[in-house]
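Comments concern the structure below.
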Amino acid sequence: MRGKRLVGYGVAVVVAAIGVWLGLPRLLVGIGLHPHYEIPAMDLGGRHALVITTSHATLGDTGKPTGVWASEMTFPYYAFADAGMEVDIASIQGGTIPIEPQSLRWPVASPADRRFLRDAAARSKVERSLAIEDVDASSYDIVFLAGGWGAAYDLGQSVTLGGMVSEAYANSAIVGGVCHGPLGLLQAKTPTGEPLVRGRRIAAVTDKQIEELGITFTPMHPERDLRAAGAQFEGESRFRDLFASHVVVDGQLVTGQNQNSGAETAHRMMEALLGSSR
């Protein structure tokens with residue numbers, strides 16, 4: 001009898017573990033993390049998109065690995081590719097892109113992240129990313145700046161990136177990004193030499209989300225620094241901003257609040273591109 005009870009207890013533990021394994025990701029989606037977003041079928045064959053990420057791999061003096069938050073790279077990559085676009089991936093220094101380890105793990109990994117892990121061609125692009133200094137900005141119709149904590153250390157500080165974004169914008173590309181990615185707009189200029197972000201509506205990760213996650217020691221903070229540069233910053237707030245999302249379209253600039261905004265931001269960028277082609 002005791003043996004049967006132990007077996008029954010063991011089965012109950014296994015069932016409970018499976019329930020948690022399957023249920024926790026769904027719970028997180030339900031409260032706002034990587035919410036399902038359906039992008040309608042779009043035909044952008046013959047167009048070119050560039051996804052740009054950080055090359056910074058360490059979180060301050062903590063020694064902890066960091067980099068791009070995976071879904072902020074994978075959602076736009078597959079959105080553009082599924083619409084028939086040729087998609088390149090670049091980083092500040094080129095070569096292997098560091099990816100925030102937690103972002104590829106249960107329970108936060110998104111469907112796009114899991115697709116990426118099975119996609120040898122996409123992984124090869126990430127392992128052999130283009131260096132931004134070798135990129136011809138004029139050849140792209142969309143330039144997407146991915147975020148993650150690493151971006152706080154190199155996107156906003158890169159004069160090279162600022163020049164590349166300026167050139168893409170001057171050539172009528174749709175430019176933008178999500179979370180810490182819009183820091184890469186700070187060094188960019190309009191064709192008349194004005195700061196690109198001045199007076200523009202822009203969404204990015206909020207100061208509140210940064211404070212809630214306890215990582216306030218990075219050298220740049222999107223809300224703070226975009227506001228200081230004259231941007232009209234926008235964002236939504238939830239009980240935790242990790243579960244919020246907001247996307248802003250301001251002409252050629254399309255930006256999203258955080259990791260939850262990648263798919264919609266990519267969709268709105270493609271919409272803007274199609275609209276500018278009519």
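The values are calculated or read from the model by the stated rules, or taken from the named source; none is laboratory data. Given the structure is predicted, the values throughout are model-derived calculations rather than measurements. Every residue, glycine among them, receives a Cβ derived from its backbone with ideal geometry; neighbour counts consider all protein chains shown. Ligands, DNA and RNA are stripped out before the accessible areas are found, and what is left, the full protein with its side chains, is counted by its heavy atoms. Shrake-Rupley method; radii C 1.70, N 1.55, O 1.52, S 1.80 Å.
Look at A57 and say whether it is at pLDDT 90 or above and within 16 Å of K125 (Cα to Cα). For A57, the condition - at pLDDT 90 or above and within 16 Å of K125 (Cα to Cα) - is not met. In summary, helices (runs of 4 or more DSSP H) completely within the stretch 81-161 and bearing 2 or more residues that are surrounded by fewer than 22 Cβ atoms within 10 Å (Cβ to Cβ) and not hydrophobic (A, V, I, L, M, F, W, C) occur at 111-117, 120-127. Scanning the stretch 174-214 for residues that are among the hydrophobic types (A, V, I, L, M, F, W, C), free of Cβ contacts under 8 Å to residues at least 40 places away in the same chain and within 14 Å of A152 (Cα to Cα) yields a single hit, I210.
Is it fair to say A173 is closer than 22 Å to D207 by Cα, modelled with pLDDT of 95 or more and of a type in the set (A, V, I, L, M, F, W, C)?
The answer is no for A173.
A count restricted to the stretch 235-252 and to residues that are farther than 24 Å from S158 by Cβ and of a type in the set (D, E) stands at 2.
Does V178 count as in contact with a Cys (Cβ under 6 Å, 6 or more places away or on another chain), more than 15 Å from A90 (Cβ to Cβ) and open to solvent by less than 20 Å² (accessible area, probe 1.4 Å)? Answer is no for this residue.
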